[in-house]
1. Any residue at all in region 17-28 that's in a strand (DSSP E or B), farther than 30 Å from Thr233 by Cα, open to solvent by 50 Å² or more (accessible area, probe 1.4 Å) and touching a His at 6+ places or on another chain (Cβ under 7 Å)?
2. So the check is Cβ under 9 Å with 6+ separation or different chains; which pairs have a first residue in region 216-244 that's under 22 Å from Ala273 (Cβ atoms) and at pLDDT 95 or above and a second one that's of a type in the set (Gly, Ala, Ser) and open to solvent by 60 Å² or more (accessible area, probe 1.4 Å)?
3. I'd like the full set of residues that are more than 14 Å from the chain's Cα centre (by Cα) and touching a residue at least 60 places away in the same chain (Cβ under 8 Å), limited to region 54-67.
4. In the list Glu160, Glu168, Glu174, which residue meets the criterion of being touching a His at 6+ places or on another chain (Cβ under 6 Å) and either under 30 Å from Ala56 (Cβ atoms) or acidic (Asp, Glu) (or both)?
5. Can you find even one residue in region 131-142 that is in a strand (DSSP E or B), touching a residue at least 40 places away in the same chain (Cβ under 8 Å) and either surrounded by 15 or more Cβ atoms within 10 Å (Cβ to Cβ) or in contact with a strand residue (DSSP E or B) (Cβ under 8 Å, 6 or more places away or on another chain) (or both)?
Amino acid sequence: MTRPAAALTGVAAVSGTRLGGTAHRVTLADGSAVVAKRHDHRSAVLAEVAGLRWLAAADAVPVPAVRGHDDEWLVVDAVATGSPSGAGAEALGRGLARLHEAGADAFGSPPPAGPVDAWIGLAPMRNTTGEDWPSWYAEHRLLPYLRTVADQGFALPEVERVCARLDELAGPAEPPARLHGDLWSGNVLWSADGRAWLIDPAAHGGHRETDLAMLHLFGCAHLDRIVAAYDETAPLAAGWRARIPLHQLFPLLVHAVLFGGGYARQAAQAARAALRG
């Protein structure tokens, strides 16, 4: 692989294995292992570094430590992978509750030192703040991607109706939570000791139900145990399950932007479910 210059200054890589995409597992001369990831945009590196450090500061859920970075590369400690466990799932649920309770300055606020122009996966995500969740979610998480999807030829009037009714659909007001922000099952890494680690965040201040809804979107090992432990630690507001489709609209629209019409149709279905409540 191309050596990440500043990101690995002062250490020697002795072997490397490609993990997929632009990520590599690298064994260093001291015997430790790291993961080196290359991003196409400097802001993506800065956003992930700031996000990992912000999540780690909550001391709630394990995240890989940042070893170093430059304008292209991010280097983090590697996690020895294992299999999901029920005990690990329950610990994840309790940890997510504590992570969310650590809070954020505002809805849409980036992590400290994180850029406003950030990323969720390969899609741009702007961390502009708002005072209340319904209007912020409509303006900064749904409508920008809805416009792009429309430009690609997919009209989604159902999502427009959701945006117009968000005040009544949003449920009880919640304080800004410290979100992982891209919490699908692929970003939950189960370690050899059975713990669940969080990787690849798109961290920002948001609604705590959004992280849980994203876990439900593509499924996650022992999800019922994660949710039960979460709810026991920080009880969820009444009706939260009915609001899962509302919170799934954001990742579905992001996927529609990146991958096309199948996800646009799923977004329309989620919007109709959100409107039914």
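1. yes
2. Gly239/Gly277; Ala242/Gly277; Arg243/Gly277
3. Ala58, Pro62, Pro64, Arg67, listed by residue number.
4. Values: Glu160 fails: touching a His at 6+ places or on another chain (Cβ under 6 Å); Glu168 fails: touching a His at 6+ places or on another chain (Cβ under 6 Å).
None of the other options fit; the residue is Glu174.
5. Of the residues in region 131-142, the ones in a strand (DSSP E or B) are none.
Within region 131-142, none of the residues are in a strand (DSSP E or B), touching a residue at least 40 places away in the same chain (Cβ under 8 Å) and either surrounded by 15 or more Cβ atoms within 10 Å (Cβ to Cβ) or in contact with a strand residue (DSSP E or B) (Cβ under 8 Å, 6 or more places away or on another chain) (or both).
Listed here are the residues, each with its yes/no results for (1) part of a loop (DSSP other than H, G, I, E, B); (2) of a type outside the set (A, V, I, L, M, F, W, C); (3) within 20 Å of Leu55 (Cβ to Cβ); (4) in contact with a Lys or Arg (Cβ under 7 Å, 6 or more places away or on another chain).
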site	(1), (2), (3), (4)
Val162	no, no, no, no
Pro172	yes, yes, no, no
Gly239	yes, yes, no, no
Ala242	no, no, no, no
Ala270	no, no, no, no
Leu275	no, no, no, yes
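The values are calculated or read from the model by the stated rules, or taken from the named source; none is laboratory data. Note that the structure is a prediction, hence the values are computed from the model and not measured. Every residue, glycine as well, gets a Cβ built from its backbone with ideal geometry; the counts of neighbours run over all protein chains shown. Quick note on the areas: whole protein, heavy atoms, side chains included, nothing else; ligands and nucleic acids left out. Shrake-Rupley method; radii C 1.70, N 1.55, O 1.52, S 1.80 Å.
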